[in-house]
Amino acid sequence: MHTPALKLKERVKELKCLYSLSKIAFEVGTDIGTFMNKTLGILPLAMQFPDQAEVCITEGKIKYATKGFEKCKHPFVITMGVGKTKYGSIKVGYRPSTKKATATPLLLDEEKKLLSAVAREISLFIKRVRVEDNSKMLELQLQHSERLAFVGELSAGIAHELNEPLGRILGFAQLIKKAGELSEQQDNDIDRIIKASLYTREIIKKLMIFSRQMPRQISAVNLNAIVSNTLYFIDMRLQSQGIILVEKLDEHLPDIQADPVQISQVLVNLITNAIHAMPTGGKITVATKGRHDVVSLMVSDTGTGMTADVKRKIFEPFYTTKPVGQGTGLGLSVVHGIVEEHTGEISVTSVIGKGSKFEIILPLKQTRH
């Protein structure tokens with residue numbers, strides 16, 4: 001039987017526990033891991049037998065437990081959550097006493113009430129952290145959208161400004177070449193001008209696609225036909241670089257509503273990306289597959305693979321891992337933009353040293369124009 005003095009002592013321990021919990025929540029900010037580990041340090045002290053008390057807190061798929069928790073045979077369990085949202089649970093129990101004659105103590109009703117209060121405090125802390133994280137994420141997404149809008153406008157302006165003088169350079173260079181009467185050196189120089197102009201025109205085309213300046217021309221197309229026509233012009237280039245191209249096309253692929261030029265651009269950009277990932281050669285596999293009301297286009301390589309950090313950034317405009325002057329960083333952002341315009345989805349898997357795989361999923365019919 002507890003004396004009034006002992007009961008008072010227990011209540012003081014409980015109040016001290018709740019006070020310490022509030023203090024920790026204030027000190028750690030949004031660090032859930034630190035908060036949980038510090039909670040493990042103070043919660044056993046509030047129990048009737050602190051030397052035997054053990055605690056395990058589960059938050060989502062993560063468990064935080066005191067050293068001897070596994071020795072507790074029948075811990076008391078209480079769920080953490082706010083409203084209908086569940087965050088995890090708290091388990092508290094006593095280790096068996098080292099004295100054989102002494103029975104393992106059970107939790108008192110007062111201790112169970114304390115654990116309910118602790119569960120509520122932890123739940124409110126987790127809810128606050130998640131709200132703050134969501135708020136920061138939304139803010140970052142808004143900033144990213146604003147940057148993309150600005151970059152899109154800037155890209156469109158640059159593309160239009162460059163198009164006219166570039167067209168003149170290309171046109172005059174082709175006229176000079178047709179006129180003849182050039183030395184071998186002059187003919188080679190004109191070829192370089194034409195080649196550089198055509199390359200620059202492709203960059204401008206990517207800028208215009210990225211900034212949505214080139215409208216889609218939707219028609220019924222077969223993805224296999226686009227793949228075959230595109231690979232016909234690429235295959236010879238790959239062989240000269242020691243790259244094997246493998247086609248795995250679904251023979252029963254249904255037609256889709258899409259812009260054939262833009263889908264071809266997607267494939268070219270993905271293959272170009274794969275080529276850069278295999279500087280010493282390798283294998284590129286292009287596959288198609290139909291299922292239900294969608295078709296898939298898959299491009300995989302046996303290249304260097306990507307780190308998680310690179311993988312997160314690959315669709316950002318102007319982001320590139322290539323040295324300065326060897327890449328615009330527009331290829332995959334254009335792919336992402338085209339896929340979105342076709343109400344499709346794109347996913348990426350990659351393993352360092354083994355390669356990467358891009359999968360494009362496109363609906364059979366377009367619902368947005």
Completion exercise
Within the range 253-294, residues farther than 18 Å from T343 by Cα, at pLDDT 90 or above and part of a loop (DSSP other than H, G, I, E, B) come out as L253
Exercise for the section: Would you please name the residue that is nearest to the chain's Cα centre (by Cα), looking only at residues in the range 14-72 that are in a helix (DSSP H, G or I) and β-branched (V, I, T)? Expected result: I32
Exercise for the section: Answer with yes or no whether H292 is exposed (fewer than 15 other Cβ atoms within 10 Å of the Cβ) and over 14 Å from T349 (Cβ atoms). Expected result: yes
Handout entry: Verdict on R237 being under 27 Å from Q174 (Cα atoms), at pLDDT below 75, touching a helix residue (DSSP H, G or I) at 6+ places or on another chain (Cβ under 9 Å) and not hydrophobic (A, V, I, L, M, F, W, C)
Key = yes
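The values are calculated or read from the model by the stated rules, or taken from the named source; none is laboratory data. Here the structure is a predicted model, which means the values were calculated and not measured. Because the Cβ atoms are built from the backbone with ideal geometry, glycine has one as well, and the counts that use them run over all protein chains shown.
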